[in-house]
Amino acid sequence: LLDVSGSMNSVDKLPLLKAAVLDMLSMMREEDKISVVVFSGKANVLLKPVSFKEETKIRKAINNLKSSGKTDAAAGIKLAYRVADDNYIRGGNNRIILATDGEFPIDENTRELVGNFASEDIFLTIFNFGKGTGSSKSLEVLAKTGRGNYEHISRENAQSKLIREAKSKRKK
């Protein structure tokens, strides 16, 4: 789940996010699948679930990301959970990775949605890009509610943190 809103238009945000995601692809297995949901003024499925056999298709989708528009994170989160639920793999690593600068409000409905899906083994991990916006505490709480992890991402730690998270199975 990638934030491509206008606030991501910074060298420490969307370009870093794209580079980190592309680096992460190198360690994925062919049997692994990925979907890409993006949000700005509107949420949409940029890439339906595909195997990592289609790495060229995935790389093209990520490379073509542009930031613009407002931030409708709630719609993005709802859509990401719908996609994850529709493609749930029993015993798999069913995880939404939200990459954002966190410049959006988190309402009670969103927290409840995240908690409900966490109890069904669809976890939420959040990577916060940028210089820290004061949103980190609410994002940390949301990640904890989603039984996932929260990390602030910088140029220095982007590759290692995303790869470690991609390999993680679950957090109790």
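Entry remark, the range 90-109: residues being surrounded by fewer than 18 Cβ atoms within 10 Å (Cβ to Cβ) and in contact with a Leu (Cβ under 8 Å, 6 or more places away or on another chain) number 0 in total. Of everything in the range 122-140 that is part of a loop (DSSP other than H, G, I, E, B), touching a helix residue (DSSP H, G or I) at 6+ places or on another chain (Cβ under 9 Å) and not hydrophobic (A, V, I, L, M, F, W, C), the residue that is surrounded by the most Cβ atoms within 10 Å (Cβ to Cβ) is Gly130. The single condition from (1) modelled with pLDDT under 95; (2) touching an Asp or Glu at 6+ places or on another chain (Cβ under 7 Å) that Ile126 fails is (2). All conditions in (1) polar (S, T, N, Q); (2) at pLDDT 90 or above; (3) buried (at least 17 other Cβ atoms within 10 Å of the Cβ) hold for Ser119, with the sole exception of (3).
Residue count for the range 146-162, restricted to those that are modelled with pLDDT of 85 or more, farther than 17 Å from Asn93 by Cα and either over 12 Å from the mean Cα position of the chain (by Cα) or hydrophobic (A, V, I, L, M, F, W, C) (or both): 1.
Listed by position, the helices (runs of 4 or more DSSP H) inside the range 1-88 whose residues that are open to solvent by 30 Å² or more (accessible area, probe 1.4 Å) and over 24 Å from Gly115 (Cβ atoms) number at least 2 are 14-25, 55-63.
With respect to Val37, determine if the residue is β-branched (Val, Ile, Thr) and in contact (Cβ under 8 Å) with a residue 40 or more places away in the chain. Judged against the criteria, Val37 is a match.
Taken as a whole, the structure leaves Glu112 outside the set of residues that are touching a residue at least 60 places away in the same chain (Cβ under 8 Å) and open to solvent by 40 Å² or more (accessible area, probe 1.4 Å). Among the candidates Lys48, Lys57, the residue that is at pLDDT 90 or above and within 16 Å of the chain's Cα centre (by Cα) is uniquely Lys48.
The values are calculated or read from the model by the stated rules, or taken from the named source; none is laboratory data. Predicted model only: the values in this text are computed from it and were never measured. Quick reminder, even Gly has a Cβ in these numbers, built from the backbone with ideal geometry, and neighbours come from all protein chains shown. Protein only, heavy atoms only, side chains kept; ligands, DNA and RNA dropped before computing areas. Shrake-Rupley method; radii C 1.70, N 1.55, O 1.52, S 1.80 Å.
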